[in-house]
1. Contour minus end-to-end for Asp76 and Arg27, with contour as 0.36 nm per residue of separation and end-to-end as the Cα-Cα distance?
2. Please work out whether the range 35-81 counts as rounded, prolate or oblate from its C-alpha gyration tensor, where a ≥ b ≥ c are the square roots of the eigenvalues and a/c under 1.5 means rounded, while otherwise a/b larger than b/c means prolate and anything else oblate?
3. Angle check, please: helix 113-126 long axis (alpha carbons) against the longest principal axis of the chain (alpha carbons), in degrees 0 to 90, nearest 10.
4. Amide H neighbours of Phe142 under 5 Å, counting only residues 5+ apart in sequence or on other chains, H built in-plane at 1.01 Å?
5. For Ile58 and Lys101, what is the calculated FRET efficiency with R₀ set at 22 Å and r taken between the beta-carbons, to the nearest 0.05?
6. Give the residue from Ala160, Gly26, His110 lying farthest towards the positive end of the charge dipole for the chain; charges sit on Cβ (+1 for Lys and Arg, -1 for Asp and Glu) and the dipole is referred to the Cα centre.
7. Relative to the longest principal axis of the chain, what angle (0 to 90°, nearest 10) does the C-alpha long axis of helix 73-98 take?
8. Between helix 149-167 and the chain, what is the angle of the helix's C-alpha long axis to the longest principal axis, kept within 0 to 90° and rounded to the nearest 10?
Amino acid sequence: MNAIQQKYFPGIRVQIPFHANEIRAGRGKFGNLGRSTRENLFEDLFNMIKNSVFPKTIAFSTILNITKATSSPTEDLSTVFSDVASRFNLFLTRGYRRGPKNKGMIIIDHSNEDKYMEFFQGYRDNGTQYGDIRNIVDIPYFASGKDTRMIQLADLCAYAVFRQYEHGDSAYFNYIEKKFDRRGGRGPIDGLKHMTKEDCKCIACTSRL
Ligand SMILES: [Zn+2]
C-alpha cells in the first residue's frame, strides 16, 4: 500500500489513509485526483489484495438483508459481528487441526467504538459471549483506520462487498472473491455468508445448497 501511495502521491512521506468512500467521492487528499485516476487507484489496491498469497490475506464477510422492521441497528450489528467472528473462529479451528496453534485477535475501527461498546455491554450484563469464539482473544481491540493499513484493507473489502450486494456492482468484488476463506475447491465459502430469506443465487448462498 505504501508503494501504491508513492505512485499516486510521490514525495509525501506521511501515510495517507486509503478510505474507500473518500477515494470514490474524491474527498480529502483524493480531491486533486481526477475520476479516472481514482478508478486506477482502486484497481491497483484491489489487484494488490487479489495477488496476495494465501494465507497472507484472508477475507471474512457477513451480509444481512434487513427486512424486519422490529430489529434495531444494535441488534443487526450484533448479528453480523457474531457471525463474522464465528467464521474467523472456524478458520482458526481448521488451523489447529493442521498444526499451528495460533489465537486470533479482532481489531475494530475506532470510529465505530460507541456502537460496538453498546452491544458488548449487553453480553457482559448477561454473562454471555458473542458467537463461537473459542480460538479468539475475547476482548476486541479498537484502532484508528487512519493509522492502520490492515483496517484500510478491511474497509476496501467491505466496500467491494457493499457495492456487490447493495448495488449489484461486481467490479471490485470480482477482485476479492477468491480471498474469502474456504475449505478446498468444492467446499462452501466459509468466509462469506449472506443472511437473507430470499431465494438468492449469489456465490455465498449457492455454495451452501
Ligand atoms: Zn445470497
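Values quoted throughout were computed directly from the atomic coordinates according to the rules given, and no laboratory measurement underlies them. None of these values were measured; they are calculated from a predicted model. Positions of Cβ are generated from backbone atoms using ideal geometry, with glycine treated the same way; all protein chains shown enter the neighbour counts.
1. Extra length available between Asp76 and Arg27 comes to 14.7 nm.
2. oblate
3. 10
4. Ile108
5. FRET efficiency, Ile58 to Lys101: 0.80.
6. The one lying farthest along the dipole's positive direction is Ala160.
7. That helix lies at roughly 90 degrees to the long axis.
8. 80
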